[in-house]
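A short write-up of the structure that comes next.
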Amino acid sequence: MNESINEHLDRFIKVTEAAEILGYAHYRSVIMLIEQNILTSYKLPHVARKRVLLSEVLKLIEKEEQKSPEEIKKSKKKRGRGRPRKFG
């Protein structure tokens, strides 16, 4: 039943809205997720900018919340300089 509710609520959202939902300070972080094929972008007719599905953004959050402590330790490997990434 939960999936049927999500299907009716699913819609295309702006990249900036996705950034706000994911907790990023800038939309560029979502563009990087699209470039890494973590999120799929869509081009709508008569709309100049890319959109993403709300359900995909929510699934990304849910996937991150379900990680075990071991997976979190593995994903927190030493990175170079720059901003830390939340997803990916």
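The values are calculated or read from the model by the stated rules, or taken from the named source; none is laboratory data. What you see is a predicted model; the values in this text were computed from it and never measured. Reconstructed Cβ throughout: ideal geometry from the backbone, glycine too, with neighbour counts over all protein chains shown.
Figures for the structure shown
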item: Members of the stretch 33-44 that are in contact (Cβ under 8 Å) with a residue 40 or more places away in the chain and in a helix (DSSP H, G or I); result: Leu33
item: Residues satisfying the stated conditions in the stretch 45-66, i.e. in a strand (DSSP E or B) and within 10 Å of the chain's Cα centre (by Cα); result: Val52, Leu53
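One line per residue, one yes/no per condition, for (1) charged (D, E, K, R); (2) modelled with pLDDT under 90:
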| site | (1), (2) |
| --- | --- |
| Val30 | no, no |
| Ala48 | no, no |
| Glu56 | yes, no |
| Lys59 | yes, no |
| Glu64 | yes, yes |
| Glu71 | yes, yes |
| Gly80 | no, yes |
